[in-house]
Structure formats: structure tokens, C-alpha cells
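Contents: one structure, followed by commentary.
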């Protein structure tokens, strides 16, 4: 083989390894930040996620610190992580991107944490299929906030996804429509390998690596915290 081709191939190999390492580090950092968001939201007591919502959840998705800018209409979007419930517990996390749409956000917000709770099989399948538009393919509504959801069951019946935002310490239901959600292929490949798919990960066919355990523990802890509080009433 030509010496120049050998050198070029070696350089490309090093560049590919560097790209993969960088993407895996970013994905791991995203998991850690998402876990922190869940811990803080569930610790907010009367201003956090209602217990009933977590008990009812089919999938939990978090996009930590997204949407930078001033008055936001048609947000830039961000990158998130999600896990879905299966027969053995919660799946390994899938990585996704979210972009576009109309967002009910505050003027002057530099960034928010987005939390999405997928409530039923239809919403879960949309996430597993890894490409859908909120409001068109999957209905969404601003989720209830507080220690307990309203006795009114509308939050269970009217939307496949409950959406929340946290900005400057304030946690509230978020009006979100038209945003496109799809698999973050770069992060998926860097974290799990070239053959991993969103479906395989979120349906439990791929085991969670150690780097994902903190995020999954936060999800399990949030659900357990809800169950413990409910049983103690």
C-alpha cells in the first residue's frame, strides 16, 4: 500500500477514535446532568413532579439545560436522554434530540431543563420509534405540578406526553407543540456501539453500561419516593 495512504488511514482512525471518545464523554455528562435534574425536581416537594405522575409514567425523558437566548419562540432545541419501563424495570437510556416548535417560555431565560413524562403505550411507542413531532404525532400538555396531581383525571386522559420546564429554580408545566424528536445517532453509536438502535435500547434488549447507572437510579428513586410518600399518607 502507498505510504501516504497508510499515513492517511492511520490519521483517520485516530480522528474517528477521538470523535467517538468526545461523543461518549458528552453523552455521559448529559446523563449525569439529567440525573441531577430529577433529584432536584423530586426534592422540590410541593413545587415538583406529582407522585401520581411518576407512578403512571411509561417513559421519562430529560433534556438538561437547553434553549439559550432571550424571548424564545421557535426554540433552538437541545439533546436529551430517556428510559422506558419494561418487565424487568427501566431500560438503558436512549439519546435523542429535540428541535423547533413553539414553547411557552419566559422572557430572558438563558436555559431551561425540560422533563417529559410519556403516559401511555402510544407515547412510549412514538419515543421508541425515534422520530415524531409533538402535537402532530403525539399529543402533549403542560403537566400538573405539586405533591399530588389534581383529583381530576384529565391529565391522564388528554395527552400522551406531559411536559415540564425548570428555569431559574422555578418548575412548571410547559406548553410545547411542533417540536421534532428524533434519535441522537452520534451519541447512540458512541455510547453503545455502531449497531445500537433506539428501539433495542428502550425495549431492554441492550443492557445499561455503568455510566448510565446514576441516571437510572435517579429515575428509580423518583418513582420509589413517590410510592413511599403515597403509602405513608
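Using packing as a proxy for protection, rank 92-100, 189-197 so that the peptide with the highest average count of other Cβ atoms within 10 Å comes first.
Ranking the peptides 92-100, 189-197 by packing returns 92-100, 189-197.
Once the Cβ-Cβ distance between residue 217 and residue 55 is put in as r, and R0 is 22 Å, what FRET efficiency do you end up with, to the nearest 0.05?
0.80
What nm distance separates the two modelled labels at residue 39 and residue 182, each placed 7 Å from Cα along Cα→Cβ?
3.4
Sorted from fewest to most neighbouring beta carbons within 10 Å, what does the list 187, 102 look like?
The fewest-first ordering by Cβ neighbours comes to 102, 187.
For residue 86 and residue 29, FRET efficiency with R0 = 25 Å and r from the beta-carbon atoms, rounded to 0.05?
Efficiency for this residue pair is about 0.45.
Order of 116, 66 from fewest to most other C-beta atoms within 10 Å?
66, 116
How far apart, in nm, are two points set 7 Å out from the Cα along the Cα-to-Cβ line at residue 199 and at residue 175?
3.6
Just so you know, all these numbers are worked out from the coordinates, no wet-lab data involved. All values derive from a computational prediction rather than experimental measurement. Neighbour counts are summed over all protein chains in view; Cβ atoms, including those assigned to glycine, are modelled from backbone coordinates with ideal geometry.
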